Protein chains: 2
Amino acid sequence: MEKLEAVFDHIASRVNVNIKPMGIDVKPILQNAIPRERHLLYYAFYALTTDHPLSFRFKNSNLAGSYFLGKTMVDRSVLYKSDIRGDELKRKGDIVEFNGVKTKLFYDEVIRIMNSFLVKTLVHNNSKNSEMPEVFRILNTVAMHFSNIHGTTTEGVYLGPFSTADLSVLHNCVVGDFAYVQAGEVSREIIEPGRVWIKAENLFEFNYIFPEGVVEQYVKLDENGQITGKLIEYVDETKEDFVPVYSTICPEPLENIPESSYVSPYAVIKGRCEIGENALIVQRAHIENSVIGRGANAQENCYIKNSVFEGNNVTAHGGKVIHTRNGKNVFVGFNSFIHGTEDAPIVIGRDSIVMPHTIIDAQEPIKVPENSAIWGYVTKQADLDTHCISLDELAKSTGELTIGNLTFTGDGNAFVQAFRHRIEHIREENGAYYNGMDKTRGHAQKTQDACFNILQPFQSGPEMGMYPTMAIGEQFA
Amino acid sequence: MEKLEAVFDHIASRVNVNIKPMGIDVKPILQNAIPRERHLLYYAFYALTTDHPLSFRFKNSNLAGSYFLGKTMVDRSVLYKSDIRGDELKRKGDIVEFNGVKTKLFYDEVIRIMNSFLVKTLVHNNSKNSEMPEVFRILNTVAMHFSNIHGTTTEGVYLGPFSTADLSVLHNCVVGDFAYVQAGEVSREIIEPGRVWIKAENLFEFNYIFPEGVVEQYVKLDENGQITGKLIEYVDETKEDFVPVYSTICPEPLENIPESSYVSPYAVIKGRCEIGENALIVQRAHIENSVIGRGANAQENCYIKNSVFEGNNVTAHGGKVIHTRNGKNVFVGFNSFIHGTEDAPIVIGRDSIVMPHTIIDAQEPIKVPENSAIWGYVTKQADLDTHCISLDELAKSTGELTIGNLTFTGDGNAFVQAFRHRIEHIREENGAYYNGMDKTRGHAQKTQDACFNILQPFQSGPEMGMYPTMAIGEQFA
């Protein structure tokens, strides 16, 4: 495994150049996060569809168990069970607009991952980088378990476990465990663990920090890269369910899936589940004894159990929803942990928005009113007083609003509209409104015909654990 | 499936241009041989090792269930569950000799398959084509179930089921059901069903034809491409055993396999088997309740059951050996059917050569003496009088020898030496003599570290059943 070790050393040095001055040494984390032999065990999956250009290049890399869609280049990186989803990559000739200035793409956009280590990370591109819109870049980045890189390029960045970098361009940042950042262009910032930070320059800012001692119960990474806490425990319980799915060449197609819906062959559907029209269940989602209503979707690393989604719901990457009834249009943000039980079920009223990184760990039945925003840390109904607000009320806010640990400043209406607009965009992109017409097709319809290339690393010798340097694509033939 | 249909039409027209004047219309055969939907079902496997250059290009083709090793290009072809084994491809700079003239290779040799339809066919290159030694070509060729193309380029050729084209360059030929040809450069010949023809220009000629009515009992193809007979029945019995092997991403490595031996993850080892040192069991071999001794090998489409191989045995592609004890060094030729039973077992003495396409369908116990050649159709011990000769005696023959349906002319010693030399070469190439030194490594050792690319055809739309046009290889990256 000499070559794989050399890649790890190389990544550590490249990331530490930027990050060590900010107090993180990624070297021990890289050494210990995943036992080396695991990098040999898993095949990588490259999904091919007639809707996405076929182009995949990788060099000096390990890709164990990762999933790729769309034009991708990976160099000198280790990707472990990560999902790289390029289904919103822009195409040659597309017009993009940054700060009111329009420009046309010279080439198809490509996801470029270099000198990076991603563990069970979700990368979903929808690039906001104005410097080079043809390239969606993850450079000198270490991202730990179940972190999300979404619509974001990251350079010299460390992402703690269950953290999210959303729609931002991050240069040389540290994103703490379970922190969420969506703040435009950010440089040399440390986002502390459990901070939920949403900022639109000159418009609004949402700032929440989990109470002291809470995040550690749910997510904790020690200096050796070992992760503990309720989130990883919950996720680990279902690990075994993915073994047959990822060891079968062509998993059996499921019955009772409407033609307009897509359930990835690499998702787990367990127990009695009902999947509605125009629904989308992507790879590595885990659904058990639940109803996924019409136009609803479950993204990567979603864990949904004993729950109902009434329709047009979005459960963003990493959302966990247990014993919860979700009204129509309810949105559950990234990495939220909505944990009801049989005795303490949760009901979320229609049109409500569960903010990213919300934890509802119900000790008693909890009911979230319709058309609300809910955030932070909730265990009892009474906690809603300081963690929930009507969206109409929030929209009226203009100055500064402090509710519990949340500070909101700026234009509440702009904030609510931005969220609603984005959720609507997600539904459209995912094909929730598909009506047979071509322009209403979304991921649920476009990804149906995916076929797969399944790739294995070298199993011995100095190259052991490395993937053969390779380019796949029509343009090379 | 419009595109796949177009490829079939294209192949039919290209092959018929050459073959129809010789009395075969491949169009109905192509239409009916394999139900169309099967071409969707299976993934193709591309084996990567550090010993073989990584280079695989395919265009406008279906590759369902096929296995590839080494530099390969496939264009406008349909390969169904075929094995394309390029582990003897020559490399840039290698010196080759034809008719005493030496020449150096400008490029790595590549297997080039174009306008061809191969069904469960074995292609093992060891090119004898002096026209272009850098290219091993299968052009405008239709090869039916379990035929072998071995060390041979074929252009405008039709191969019937269980036929073999061995070490020859064939132009515009028809090779009948269960016929075997190894006759140098052959043009516009029809080799009738059940003929076994071995010829070395100006040196010797071996000519055997099965008695009338026999071949049809074992292999028969009707004009609609439907194949019947004992061989296909025997093979079909074990079909189900391959299902788990080909549907598991990484089949479990077997226990009790010596480090110096290789058992392909795509072989079936069933019941109580013993595998010796330096043994080689390749993909699609089926071994049941048998002993494979030291340095023995079982090639593609071998079916070995309730048998013992004492060591250094070669069972060539498609050999079937049941209830048979094989002494040291016994060679079983291509597509032979050595069918003993519990009550009528077969014993083959050491150093004997079972000629290609021999059928021993034992009605009583049969014992083949040491150091013999055996050929043709044998059901009783007494049949050996007309189907078996001591190799020493054969080596003494100089003029014409007629034994039953066999006519042998020419230099018997040259014939015996050529066979012995070739068998020795096979053992060396396969690593039977491996002693830890690098120069004794053969396929058994070199293929151990194979990792796999597993490729799926498009599952819907006009491209349904076609593989994405693709090039895989370092040189493209």
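FYI, it's all coordinate maths here, none of it is from the lab. The model shown is predicted, which means the values in this text are computed figures rather than measured ones. As a convention, Cβ positions derive from the backbone with ideal geometry for all residues, glycine included, and neighbour counts pool all protein chains shown.
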**OP:** Between A:Arg422 and A:Glu131, with labels modelled 7 Å along Cα→Cβ, what's the label distance in nm to one decimal, could you check?
**Re:** 2.2
Subject >> Residues of segment B:86-111 with amide N under 19 Å of the 7 Å Cα→Cβ point at B:Lys439 >> reply: B:91, B:94-96
Original post:
Put a dot 7 Å past each Cα toward the Cβ at A:Glu216 and B:Asn202; how far apart are the dots in nm?
Top reply: 9.2
**OP:** Nearest 5 is fine: what % of DSSP beta bridges in segment A:189-291 come out antiparallel, could you say?
**Re:** 55
Subject >> Cut-off 14 Å between beta-carbons: net charge of the residues surrounding B:Lys230, Lys and Arg +1, Asp and Glu -1 >> reply: -4
Original post:
Put the label 7 Å from Cα along Cα→Cβ for A:Ala418; what are its distances to the other copies, in nanometres, shortest first?
Top reply: 8.2
**OP:** Taking the Cβ of each residue in A:Thr469, A:Thr228 as the centre, tally the other Cβ atoms inside 10 Å and list the residues starting with the fewest.
**Re:** A:Thr228, A:Thr469
**OP:** Would you mind ranking B:Lys71, A:Lys27 by Cβ crowding within 10 Å, fewest neighbours first?
**Re:** A:Lys27, B:Lys71
Original post:
Looking only at other chains, what is the average number of their beta-carbon atoms within 10 angstrom of each beta-carbon in B:279-292?
Top reply: 0
**OP:** Please work out, to two decimal places, the log10 of the ratio I(q)/I(0) at q = 0.08, 0.10 Å⁻¹ from a Debye calculation in which every Cα of chain A carries one identical scatterer.
**Re:** -0.43, -0.70
Original post:
Using the beta-carbon distance between A:Glu474 and B:Ala382 and R0 = 51 Å, what value does 1/(1 + (r/R0)^6) give for FRET efficiency, to the nearest 0.05?
Top reply: 0.20
Original post:
On average, how many beta carbons from a partner chain sit within 10 Å of the beta carbon of a residue in A:250-256?
Top reply: 2
Original post:
How many percent of all Cα-Cα pairs in segment B:327-477 sit more than 23 Å apart?
Top reply: 56
Subject >> Projected-area average for segment B:38-192 over all orientations - Cα convex hull basis, square nanometres >> reply: 8.5
Original post:
A:Lys20 to B:Arg38: FRET efficiency via 1/(1 + (r/R0)^6), r the Cβ-Cβ distance, R0 45 Å, to the nearest 0.05?
Top reply: 0.20
**OP:** Over segment A:254-445, calculate the relative contact order: mean separation of alpha carbon pairs under 8 Å at least 6 apart, over the residue count, as a percent.
**Re:** 13
**OP:** Calculate one ³J(HN,Hα) per residue across segment B:289-306 by plugging θ = phi - 60° into the Karplus curve 6.51 cos²θ - 1.76 cosθ + 1.60, and present them in order as whole Hz with x for glycine and proline.
**Re:** 6, 9, 10, 10, x, 3, x, 8, 9, 10, 8, 3, 6, 7, 10, 10, 9, 6
Subject >> Neighbourhood charge, 11 Å Cβ-Cβ cut-off, centred on B:Arg85 and excluding it, Lys, Arg +1 and Asp, Glu -1 >> reply: -3
Original post:
Farthest toward the dipole's positive end in segment A:1-55, which of A:Leu40, A:Ser13, A:Thr50, given Cβ charges of +1 (Lys, Arg) and -1 (Asp, Glu) about the Cα centre?
Top reply: A:Ser13
Original post:
With +1 on each Lys and Arg Cβ and -1 on each Asp and Glu Cβ, how big is the dipole of segment A:254-445 about its Cα centre, in debye rounded to the nearest 20?
Top reply: 280
Original post:
Taking Rh as the Kirkwood radius computed over C-alpha pairs, what is the Stokes-Einstein D of segment B:298-376 at 37 °C in a medium of viscosity 0.692 mPa s, expressed in µm² per second?
Top reply: 281
Original post:
Roughly what % antiparallel, to the nearest 5, for the DSSP beta bridges in the protein assembly as shown?
Top reply: 25
Original post:
Going by how many other Cβ atoms sit within 10 Å of their own, how do A:Asp166, A:Asp383, A:Asp392 line up, fewest first?
Top reply: A:Asp392, A:Asp383, A:Asp166
Subject >> For B:Ala6, inter-copy label distances in nm, listed shortest first [label point 7 Å out on the Cα-Cβ vector] >> reply: 4.5
Original post:
When DSSP beta bridges are limited to those with both residues in chain A, what percentage is antiparallel, rounded to the nearest 5?
Top reply: 25
Original post:
Any idea what the B:Glu370 label distances to the other copies are, label 7 Å down the Cα→Cβ vector, nm, shortest first?
Top reply: 9.6
Original post:
In bins 10 Å wide, starting from 0, what share of all Cα pairs of segment B:126-227 does each bin hold, as a percent?
Top reply: 16, 50, 28, 6, 0
Subject >> Distance histogram in 5 Å bins (all Cα pairs of segment A:80-132, percent per bin) >> reply: 5, 16, 26, 21, 15, 10, 6, 1
